[in-house]
Amino acid sequence: MSTCATASHNAAEPLAGTSATARTWLLIEQTGPWGAKALTDSHLDPGLGRALNAAADGTGVRIALIRRPGRHADRHGVSRRRLFLAHTAPGRSWLRTTTLTDPGAALGLDFAALGAGEHQGIWEPHSGDPLALVCTNGKRDRCCALLGRPLAAELAADGIDTWEVTHLGGHRFSPTLFLLPYGYAYGRASAHLVKSAVEAARSGRITLDHCRGRSAWDRPAQAADLAVRARIREYRADALDVVRVEALPSAPAATSAGSAGPAWAVTVAHTDGRSWQVTVEQRTDGAPAPASCGAPLLPPARMAVTSLTAADPA
């Protein structure tokens with residue numbers, strides 16, 4: 001069975017807590033075809049791709065290639081390309097952009113500062129609509145091309161600021177979407193869902209339908225944030241923050257429903273002073289599915305919220 005067919009049969013798999021994790025994103029426009037490892041397998045100089053990967057390693061910055069939807073003819077003579085920098089932490093989100101003739105100039109960025117959320121005034125603030133990034137890298141997973149490219153084309157035709165992107169993770173949730181500046185990801189995205197999410201982002205809000213989580217946090221915190229939002233019906237993007245994630249003692253061993261894995265206590269705080277304690281467990285009790293084309297069938301590891309309680313005021 002193909003990955004796309006398997007994904008459609010596994011549509012009940014929960015989406016919460018499955019977003020790619022990165023507090024800061026560097027997006028570099030690169031036309032033409034992309035390989036499975038696009039930074040070193042595209043018309044971007046592979047030496048530059050390796051150097052960028054090394055510069056970003058361990059800094060909290062994730063690098064991806066982007067291109068406009070449409071035909072991807074080889075355009076070796078392109079003189080200028082668009083770059084974006086985005087930080088996705090609540091209350092400190094920002095999105096900045098520039099155009100460069102030499103993408104190698106990105107090596108001069110202070111990746112450690114960017115990962116910490118400090119842009120130091122470089123480039124220009126992005127003043128337009130939210131960016132909609134749709135994963136379309138068919139060499140990474142063909143579902144992203146078969147399902148993502150038509151979605152990206154439709155969104156662009158409707159006037160949404162849309163870019164194709166190389167990798168967002170979670171191919172089995174194709175088409176996958178990532179919205180900036182707030183950094184919330186969505187799976188099994190339809191054009192209607194994306195338009196609603198973009199409209200919400202214009203006013204500093206998010207939609208919870210098909211939401212995978214905010215990339216600023218690791219998976220347990222993503223799941224906890226979404227659980228609190230659903231409980232109190234809070235849709236303002238920056239109203240909640242994850243202030244603590246503590247690993248708990250190992251859960252009991254496997255049960256007939258599937259194996260239990262690590263567990264975490266997550267503290268979610270509201271800007272109005274309220275807070276909640278959320279217990280999240282990693283479980284592997286779903287139907288087996290491949291994470292991407294060619295991968296073995298395995299039960300996906302999901303984030304399960306097992307308790308959610310309001311913390312007593314100090």
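The values are calculated or read from the model by the stated rules, or taken from the named source; none is laboratory data. In this text, all values refer to a predicted model and were calculated from it rather than measured experimentally. Neighbour counts are summed over all protein chains in view; Cβ atoms, including those assigned to glycine, are modelled from backbone coordinates with ideal geometry. The area values use the complete protein model at the heavy-atom level, side chains included, leaving out ligands, DNA and RNA. Shrake-Rupley method; radii C 1.70, N 1.55, O 1.52, S 1.80 Å.
Just a few scattered comments:
- Estimated at the nearest 10 Å², the accessible area of residue 275 is 30 Å² with a 1.4 Å probe.
- Amide hydrogen proximity for residue 275: with H placed 1.01 Å from N in the peptide plane, the residues at 5 or more positions away or on another chain lying under 5 Å are 270, 311.
- The range 79-151 - convex hull of alpha carbons, volume per residue in Å³: 153
- Length-normalised contact order for the range 73-203 - Cα pairs under 8 Å, 6+ apart - percent: 23
- Of the whole protein surface, residue 210 contributes about 60 Å² of accessible area at a 1.4 Å probe radius.
- Electrostatic tally near residue 102: other residues with Cβ closer than 14 Å to its Cβ, Lys and Arg +1, Asp and Glu -1, net +1.
- Proximal charge balance of residue 122 [Cβ under 11 Å; K/R count +1, D/E count -1]: -2
- FRET efficiency estimate (nearest 0.05) - Cβ-Cβ, residue 312 to residue 205, R0 25 angstrom: 0.30
- Extension gain (nm, one decimal) between residue 298 and residue 272, 0.36 nm per residue minus Cα-Cα: 5.2 nm
- Surrounding net charge for residue 48, when Lys and Arg each add one and Asp and Glu each subtract one, Cβ distance under 13 Å: -1
- Taking amide H atoms as placed 1.01 Å from N in the peptide plane, the amide H of residue 62 lies under 5 Å from those of 24, 25, 26, each 5 or more residues away in sequence or on another chain.
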